[in-house]
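Have a look at the structure below, then the notes.
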Amino acid sequence: KHNDISSFFTIWTLKEAYIKANGFNCPEIKQINTVVNNDICMFPYDYLTGEISEYKWSIINEQR
């Protein structure tokens, strides 16, 4: 399903942003929890996701 693939890439790009925000010093990508109760949760980060054409992107910023 397109929605499943779209959700997968949203999660993937959030995890990638997390790794970059932490200077590549983080656990394995499987251990980065981005979903809680079927909702995206990036605490302690704010996040923004989007799509350009068929490409997904995500950015995160530490909450202040």
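The values are calculated or read from the model by the stated rules, or taken from the named source; none is laboratory data. If you're wondering where the values come from, they're calculated on a predicted model, not measured in any experiment. All Cβ positions, glycine included, derive from the backbone under ideal geometry; neighbour counts span all protein chains shown. SASA here: full protein model, heavy atoms, side chains in, ligands and nucleic acids out. Shrake-Rupley method; radii C 1.70, N 1.55, O 1.52, S 1.80 Å.
Observations, loosely collected:
- Electrostatic bookkeeping for Met42 treats Lys and Arg as +1 and Asp and Glu as -1; over the other residues with beta carbon under 11 Å from its beta carbon, the sum is -2.
- Estimated FRET transfer efficiency when R0 is 22 angstrom, pair Tyr55-Ile32 (beta carbons, to 0.05): 0.60
- Measuring with a 1.4 angstrom probe and ignoring ligands and nucleic acids, Asp4 comes out at about 90 Å² accessible.
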